[in-house]
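The values are calculated or read from the model by the stated rules, or taken from the named source; none is laboratory data. Model, not experiment: these values are computed from the prediction. When we count neighbours, we look across all protein chains shown, and the Cβ atoms used for this are built from the backbone with ideal geometry, even at glycine. Just the protein is used for accessible areas: all its heavy atoms, side chains included, with ligands, DNA and RNA removed. Shrake-Rupley method; radii C 1.70, N 1.55, O 1.52, S 1.80 Å.
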Amino acid sequence: MGKTATYERVAKEIAAVIGGETSAIARYATAGCLLSEAFAHYYWTGFYLVDPLKPNELVVGPYQGTLGCLRIPFGKGVCGAVARSGETLIVKDVHAFPGHIACDTLTNSEIVVPVFSEAGNLAAVLDVDSTQLDAFDQEDKIGLETICKTLLLGLPQ
Ligand code: SME
């Protein structure tokens with residue numbers, strides 16, 4: 001099965017499991033688990049959430065993988081850049097990205113996708129890291145953006 005078809009399958013699985021779930025954390029945990037189980041090129045999969053007490057800072061949320069750093073200021077590293085811009089970033093070689101935060105030295109490439117509330121506010125970023133260089137492409141971007149767009153639908157915020 002190709003990546004696009006796998007993203008479509010995982011999107012359906014996530015929707016089926018989170019249907020009616022009112023906890024954003026439960027939704028993040030479900031999406032992270034099912035994505036991480038589905039793709040061999042993923043190494044670290046998780047969400048950094050906008051901290052309601054510090055709105056210019058991300059705090060780690062549900063993740064699958066090795067120990068992640070706890071907090072990332074907006075503008076710092078790949079996650080912080082996406083939090084600031086609201087646009088997905090694909091980084092082919094994290095070692096060449098200025099200010100990259102090396103939580104795990106085995107990571108070589110990553111994709112970070114913003115997650116917005118139904119009201120259009122940034123709620124989190126989804127960070128997927130790979131040990132392979134240049135592991136993520138437009139198929140990953142479209143697949144992950146599609147999942148992130150529906151993840152928080154129906155939740156109050
Ligand atoms: N890769 C991220 C940091 C978080 S960890 O890798 C889990 C970044 O530079 O934004």
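Probe of 1.4 angstrom, ligands and nucleic acids ignored: what's the accessible area per residue over the range 3-150, in square angstrom?
Using a 1.4 Å probe on heavy atoms only, each residue of the range 3-150 averages 48 Å².
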Proximal aspartates and glutamates relative to LYS3, as straight alpha-carbon distance under 17 Å, when same-chain residues fewer than 8 apart are discounted
GLU13, GLU37, GLU110, ASP129, ASP134, ASP137, GLU139, ASP140, GLU145
Point-charge dipole on Cβ atoms (K/R +1, D/E -1) for the range 3-150, about Cα centre, debye to 20
260
For the range 1-98, with all protein chains present and a 1.4 Å probe, just round the carbon and sulfur fraction of the accessible area to a whole percent.
59
Give me the lysines in straight-line cross-link reach of LYS54: C-alpha distance below 21 Å, same-chain residues under 8 apart excluded.
LYS76
Along each principal axis, Cα extent of the range 12-157, largest first, Å
41, 33, 26
For the chain, calculated [θ]222 nm from helices alone, where every DSSP H run of n ≥ 4 adds -39500 (n - 2.57)
-10500 deg cm²/dmol
Once you have a ≥ b ≥ c as the square roots of the Cα gyration tensor eigenvalues for the range 1-89, tell me rounded if a/c is under 1.5, and otherwise prolate or oblate according to whether a/b is larger than b/c.
prolate
Multiply the residue gap between ALA40 and ALA26 by 0.36 nm, knock off their C-alpha separation, and tell me the result in nm, one decimal place.
2.7 nm
